[in-house]
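Asks: To start, I am sharing the structure in question, which I have written as structure tokens.
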Amino acid sequence: MSSTRYHLRKDDKVKVLVGKDKGKIGRVLKITTKTGRVLVENVNIVKRHTRPSAQNRQGGIIESEAPLHISNVMLMCNKCMAPGRVQMQRLEDGKKKRICRQCGEMIDA
């Protein structure tokens, strides 16, 4: 399976489109390109029951974020503060930048 390039990057602000956390806004912590999943801060919290071990002396219930599929989140624009699609544009110096389709503002500052 080959890895794919996505419109999201680490530390982007995204909005969840479907699921139990629909409508929540969070920051991207990690992107796994091979599985097409994204880890968003304070979204899709799951509880995991752990036994006491050498690393975790007490054990108990640990809450952590679980990854979402990348198609279930949408990038938020900083200017228009709305989730929207992204357009890639090549600048004069040859670099590619992401641009909001609604307002035309550059997302990569």
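The values are calculated or read from the model by the stated rules, or taken from the named source; none is laboratory data. Please read these numbers as outputs of a predicted model, since none were measured by experiment. Counting neighbours? That spans all protein chains shown, and the Cβs are built from the backbone with ideal geometry, glycine included.
Asks: Out of all the residues in the range 85-94, is one or more surrounded by 13 or more Cβ atoms within 10 Å (Cβ to Cβ), in the same structural domain as Gly23 (by TED's automatic domain parsing), touching a residue at least 40 places away in the same chain (Cβ under 8 Å) and not polar (S, T, N, Q)?
Replies: no
Asks: Next up: Picking from Gly36, Gly60, which residue would you name as being of a type outside the set (A, V, I, L, M, F, W, C), outside the structural domain of Gly104 (by TED's automatic domain parsing) and in contact (Cβ under 8 Å) with a residue 24 or more places away in the chain? Walk me through how you get there before you give the answer.
Replies: Details: Gly60 fails: in contact (Cβ under 8 Å) with a residue 24 or more places away in the chain.
Gly36 is the lone residue from the list that is of a type outside the set (A, V, I, L, M, F, W, C), outside the structural domain of Gly104 (by TED's automatic domain parsing) and in contact (Cβ under 8 Å) with a residue 24 or more places away in the chain.
Asks: Here's another thing I want to ask about it. Of all residues in the range 92-108, how many are among the basic types (Lys, Arg) and not in a strand (DSSP E or B)?
Replies: So in the range 92-108, the residues among the basic types (Lys, Arg) come out as 95-98, 101.
Right, trim to not in a strand (DSSP E or B) and you get 95, 101.
Adding up the residues that qualify gives 2.
Asks: Looking only at the range 1-22, which residues are touching a Lys or Arg at 6+ places or on another chain (Cβ under 7 Å), exposed (fewer than 10 other Cβ atoms within 10 Å of the Cβ) and over 19 Å from Asp108 (Cβ atoms)?
Replies: Result: Met1, single match.
Asks: Could you list, in sequence order, the residues of the range 32-49 that are within 25 Å of Met88 (Cα to Cα), among the β-branched types (Val, Ile, Thr) and modelled with pLDDT of 95 or more? Lay out the reasoning, then the answer.
Replies: First pass over the range 32-49, keeping only residues within 25 Å of Met88 (Cα to Cα): 32-40.
Those left that are additionally among the β-branched types (Val, Ile, Thr): 32-33, 35, 38, 40.
Residues satisfying the conditions are Val38, Val40.
Asks: Let me ask something else. Could you please find all residues in the range 37-59 being surrounded by 12 or more Cβ atoms within 10 Å (Cβ to Cβ) and either at positive phi or touching a Leu at 6+ places or on another chain (Cβ under 8 Å) (or both)?
Replies: Pass one, the range 37-59, residues surrounded by 12 or more Cβ atoms within 10 Å (Cβ to Cβ): 37-44, 50.
Scanning the range 37-59 gives Arg37, Val38, Leu39, Val40, Glu41, Asn42, Val43, Asn44.
Asks: Right, here's the next one. Filter the range 60-81 down to the residues that are at pLDDT 90 or above and either surrounded by 13 or more Cβ atoms within 10 Å (Cβ to Cβ) or farther than 30 Å from Arg48 by Cβ (or both) and list them by number.
Replies: Here is the first cut: in the range 60-81, the residues at pLDDT 90 or above are 60-77.
Within the range 60-81, Glu65, Pro67, Leu68, Ile70, Asn72, Val73, Met74, Leu75, Met76, Cys77 meet the criteria.
Asks: A further question follows. If I ask for residues that are of a type outside the set (A, V, I, L, M), within 19 Å of Asp21 (Cβ to Cβ) and in a strand (DSSP E or B), which ones from the range 32-91 would you list?
Replies: Within the range 32-91, Thr32, Arg37, Lys47, Arg48, Glu63, Ser64, Glu65, His69, Pro83 qualify.
Asks: Criterion first (in contact with a strand residue (DSSP E or B) (Cβ under 9 Å, 6 or more places away or on another chain) and more than 13 Å from Ala66 (Cα to Cα)) does Ile45 satisfy it?
Replies: Values: in contact with a strand residue (DSSP E or B) (Cβ under 9 Å, 6 or more places away or on another chain): yes; more than 13 Å from Ala66 (Cα to Cα): no.
Here the answer is no, as Ile45 does not meet what is asked.
Asks: Condition test on Val14, is it within 25 Å of Cys103 (Cβ to Cβ) and among the β-branched types (Val, Ile, Thr)?
Replies: Numbers: within 25 Å of Cys103 (Cβ to Cβ): yes; among the β-branched types (Val, Ile, Thr): yes.
When the stated conditions are applied, Val14 passes them.
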